[in-house]
1. Where does the chain land on Rg(C-alpha)/(2.2 N^0.38 Å)?
2. Which helices, counted as full DSSP H runs in the chain, have an axial Cα extent of no less than 15 Å and a Kyte-Doolittle average of 0.0 or above?
3. For the chain, with only Lys/Arg (+1) and Asp/Glu (-1) charged at the beta-carbon, what is the dipole magnitude about the Cα centre, in debye rounded to 20?
4. So for the chain, averaging the separation of alpha carbon pairs under 8 Å that are six or more residues apart and normalising by length, what relative contact order in percent results?
5. When the gyration tensor of segment 7-53 is built from Cα positions, what are the square roots of 5 times its three eigenvalues, in whole Å, from largest to smallest?
6. Which residue fluctuates the most in the chain, going by a Gaussian network model with Cα springs under 10 Å, if the choices are GLY104, GLY73, GLY166?
7. Would you work out the relative contact order for segment 7-53, in percent, from Cα pairs under 8 angstrom that are 6 or more residues apart?
8. Can you figure out the FRET efficiency of THR55 with GLU133, using R₀ = 22 Å and their beta-carbon distance, to the nearest 0.05?
Amino acid sequence: MFLAQPERSDASDRVYQATEQSMGFVMNLAGVWAWRPDVFEAFAALRAKLTSGSTLSKRDQAILVCAMASQLGDSYCSLAWGKTLAAEAGASASAALIGGRDAGDLTPRDRALAAWARKVVEDPNGTTKADVEELRAAGLGEKEIFEVTAFVAFRLAFSTVNDALGAAPDWQLVEGAPREVAEAVKFGRAAGLKG
């Protein structure tokens, strides 16, 4: 990353521990967020509040993050969530979505969510009522449409901080992702070195 590591403290250690508990290793991005553990924890709490009170499934969330991250050119979240999407929809569908291609394994709901996430990243002022109608046609209600949009915006903010401050994807993400997913991520920062 482009910042020096912050001095260790109880608060910064919580950031490192949180990533280790969720992923099984201390993520590179933890060094960025350890500068403001309170912001990291508030962000995590807000995201959890949104998703815990939502009907968005893990698959929905993975579709949204993979579409958002690949549209942004964020290799980190594409790898991290590509593995999750592969577990939900298959490796070929995950790789196709990350690569910007259509995949036969995706449902109409998946496609509508991915298209919306890409539009929100590319040009939020360019979205139209017709775009929202596509979400309704895929079965999403008004509350879900708000939740999808807020989720994409939260993830976009998180990715932007990581990317702008040079957090490289962890080598563990590359090694843990299905081969098709890892090969589909041809954008963003290269993964950190092993060891």
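Values in this text are rule-based calculations from the coordinates and carry no lab data. This is a predicted model, so every value here is computed, not measured. Glycine also receives a Cβ, built like all others from the backbone with ideal geometry; neighbour counts cover every protein chain displayed.
1. Values: Rg = 16.5 Å, N = 195, 2.2 N^0.38 = 16.3 Å.
So the Cα radius of gyration is 1.01 times the expected 2.2 N^0.38 Å.
2. Values: long enough: 10-23 (20 Å, -1.14); 37-52 (22 Å, 0.38); 58-72 (21 Å, 0.43); 75-89 (19 Å, 0.33); 108-122 (21 Å, -0.50); 142-164 (33 Å, 0.49).
The answer, listed by residue number, is 37-52, 58-72, 75-89, 142-164.
3. Numbers: 21 positive and 25 negative charges, 19 e Å.
The dipole magnitude comes to about 80 debye.
4. Values: 258 pairs, mean separation 54.3, N = 195.
With pairs under 8 Å counted, the relative contact order is 28 percent.
5. Numbers: eigenvalues 72, 33, 12 Å².
The answer is 19, 13, 8 Å, longest axis first.
6. Sorting by GNM fluctuation, first place goes to GLY104.
7. Numbers: 30 pairs, mean separation 16.0, N = 47.
Dividing the mean separation by the residue count of segment 7-53 yields 34 percent.
8. On the way: r = 19 Å, r/R0 = 0.88.
Here the calculated transfer efficiency is 0.70.
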